[in-house]
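Submitted below is the structure of interest, expressed as structure tokens.
No value in this document is a laboratory result; all are computed from the given coordinates. Bear in mind the structure is a predicted one, so any value in this text is a computation, not a measurement. Note that we place each Cβ from the backbone using ideal geometry, even for glycine, and neighbour counts take in every protein chain shown.
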Amino acid sequence: MQDKVIKKDHNIILENRGSMSISGITDVDSFDEKAICLYTQMGELTIQGRELHIDSMSVETGDMTITGDIWSIVYGDKDKKGPISALGRLFR
């Protein structure tokens with residue numbers, strides 16, 4: 001039996017630079033209160049700010065919510081796409 005990879009659209013909703021919802025996440029690289037580095041269906045994504053906090057993350061759906069003082073959203077390499085890492089599985 002083959003595992004089917006379901007591609008989900010990638011969306012970002014930013015509310016008043018204090019709350020963010022992201023869909024289409026494939027992996028979480030690293031995070032702390034100043035930066036969250038992750039991979040999406042559209043490539044690398046880095047969110048920078050102050051007092052950043054991952055409120056929720058679903059491995060099954062690839063959705064994440066973040067709160068804090070969001071200063072920047074930067075995309076990087078579009079070619080990195082992979083399964084959710086062990087770090088990402090912590091947020092099940």
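Ranked from highest to lowest mean number of other Cβ atoms within 10 Å per residue, what is the order of the peptides 24-31, 11-18, 68-75?
Peptide ranking by packing, descending: 24-31, 68-75, 11-18.
Let me ask something additional. Check Asp27: other-chain or 5+ apart residues with amide H under 5 Å from its amide H, H built from backbone geometry?
Under 5 Å from the amide H of Asp27 lie the amide H atoms of Tyr39, each far enough along the sequence or on another chain.
If you filter the stretch 16-70 for GluC sites (Glu not before Pro), then keep DSSP loop positions with at most 10 other Cβ within 10 Å, what is left?
Within the stretch 16-70, the qualifying GluC sites (Glu not before Pro) (loop, at most 10 other Cβ atoms within 10 Å) are Glu60.
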